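A short reminder: the numbers here are calculations on the coordinates, not readings from a lab. This one's a predicted model, so the numbers in the text were calculated from it and none came from an experiment. Heads up, the Cβs are rebuilt from the backbone with ideal geometry, glycines too, and the neighbour counts pull from every protein chain shown.
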Amino acid sequence: MDCINYRMNMLPYLKHELSIRKTRKLLSHVESCAECKEELKVQFLVMEGMKRLEYGKTFHLEEDFEESLKASVKEYKRRDTLQKFMLFVFYAGCMIVLLFLLKGILL
Ligand SMILES: [Zn+2]
């Protein structure tokens, strides 16, 4: 996917409206593309800045952006690990069932 496609997903990501699959792809791209990371940061700063102006909250937006990005990356890596573990459990279960079936056929 080109940078332009990732950039179209940034606003939905910031609004928490992007699918898990697209979020994973976007975050993975942003980790390796400095221009897109900068663009995401700008969109984050504008969006969060407007919200905080409305509610009169304090501004530490750059730090908040980095923290938000780290939390998202950590979350999708956790989901990946969980998914791999579930797949392992599934295949292990299949192997056990297969072994019992073979045992029944052979004996
Ligand atoms: Zn890019």
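As a ratio to 2.2 N^0.38 Å, the alpha-carbon radius of gyration for the range 3-106 is 1.62.
Compute the acute angle (0 to 90°) between the alpha-carbon long axis of helix 20-32 and the principal axis of greatest extent of the alpha-carbon atoms of the chain; round to the nearest 10°. Relative to the chain, helix 20-32 is tipped by roughly 60 degrees. Please name which of Ser19, Thr81, Phe100 has its Cα lying farthest along the dipole of the chain towards the positive end, using unit charges on Cβ (Lys, Arg +1; Asp, Glu -1) and the Cα centre as origin. Towards the positive end, the residue furthest out is Phe100.
Extension gain for Leu53-Glu66 works out to 2.7 nm (0.36 nm per residue, less the C-alpha to C-alpha distance).
Going down the list Lys37/Lys84; Lys22/Lys77; Lys37/Lys74; Lys25/Lys77; Lys25/Lys70; Lys22/Lys51, which pairs span over 18 Å between their C-alpha atoms? Violating the 18 Å limit, Cα to Cα: Lys37/Lys84; Lys22/Lys51.
Charging the Cβ of each Asp and Glu at -1 and of each Lys and Arg at +1, and nothing else, the dipole of the chain about its Cα centre rounds to 640 debye. Cβ-Cβ distance of His16 and Met86, R₀ of 30 Å, FRET efficiency by 1/(1 + (r/R0)^6): the value works out to about 0.80. Kindly express, to the nearest 10 degrees and within the range 0 to 90, the angle between helix 61-106's C-alpha long axis and the longest C-alpha principal axis of the chain. Here the helix axis deviates by roughly 10 degrees.
3J(HN,Hα) along the range 5-10: 5, 5, 5, 5, 8, 5 Hz, from the Karplus curve 6.51 cos²θ - 1.76 cosθ + 1.60 with θ = phi - 60°, whole Hz, x for Gly and Pro.
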